[in-house]
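Written out below as structure tokens is the structure these notes cover.
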Amino acid sequence: MNKKLFLNTIGLALMVMTFTMCKSQPASVPSTPDEALAELIAGNERYVNEKCINPHSDMERVEETAPHQAPFAAVVGCSDSRVPVELLFDQGIGDIFVIRTAGNNVNSEMVMGSVDYAIEHLGVKVLLVLGHGSCGGVTGAISEGGHEHGNIAHLLGTIRNDVNDYVGKADCLDDAIRHHTLVQVERIMAYPHIAEKVEKGEVIVKAAYYDVKSGKVSFLQ
Ligand SMILES: [Zn+2]
């Protein structure tokens with residue numbers, strides 16, 4: 001191979017590599033609740049193992065989803081900056097309907113309205129409530145010496161109602177977080193129209209826990 005041909009070949013190879021790296025790979029599109037849950041689990045595995053494919057993150061996907069959204073999953077998570085939902089499940093634009101509040105408590109019409117919208121109108125196949133380690137919302141709720149006021153006091157009081165047994169027990173923070181997450185799923189499942197869809201196998205509702213140290217999501221039930 002002469003020098004010019006060699007350089008041309010290298011140049012072409014670099015162009016192909018650049019194109020491949022910029023273009024996000026398509027993720028499989030789950031068509032059942034079991035497949036949806038499996039994709040979230042697989043996505044978190046990719047994330048933890050640093051094998052992310054960053055699906056659905058290019059302009060083609062932006063244009064594709066502009067007319068309407070059809071996410072396969074909904075996640076009720078904490079606003080905590082260490083819990084970026086799409087990243088930790090290796091998903092992209094239009095994949096997950098995310099509802100985030102500090103402490104991920106669903107005991108409000110705004111949050112439950114969002115949950116209902118995801119299940120009834122968007123037809124998500126899986127709904128996760130995602131608690132996480134070192135949650136400041138739950139930490140504040142079980143703290144006895146808080147002096148918060150206004151909206152923050154209201155937020156912490158709402159969380160505290162679900163973790164009363166842990167107030168004053170800072171050593172049990174992680175248990176309180178897990179308990180709090182499970183209570184949110186119980187609350188969601190207490191709505192007959194949601195329980196009916198779960199019963200029919202149309203949607204899976206689960207409590208999960210994100211470990212901020214490892215990046216790993218585990219399921220609580
Ligand atoms: Zn939190």
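Laboratory data are not the source of any read-out in this text; all were calculated from the coordinates shown. As the structure is a prediction and not an experimental result, all values here were calculated from the model. Note that each Cβ is placed from the backbone with ideal geometry, even for glycine, and that neighbours are counted across all protein chains shown.
Observations
- Of residues in region 74-115 being assigned to a helix (DSSP H, G or I) and without any contact (Cβ under 8 Å) to a residue 60 or more places away in the chain, the one farthest from Lys200 (Cα to Cα): Leu87
- In region 119-172, residue surrounded by the fewest Cβ atoms within 10 Å (Cβ to Cβ) [restricted to those that are of a type in the set (D, E, K, R) and within 16 Å of the ligand (Cβ to nearest atom)]: Glu148
- First in region 117-144 and closer than 15 Å to Arg100 by Cβ and in a loop (DSSP other than H, G, I, E, B), second anywhere and small (Gly, Ala, Ser) and near the ligand (Cβ under 10 Å from one of its atoms), Cβ under 8 Å, 6 or more apart: Cys135/Gly103
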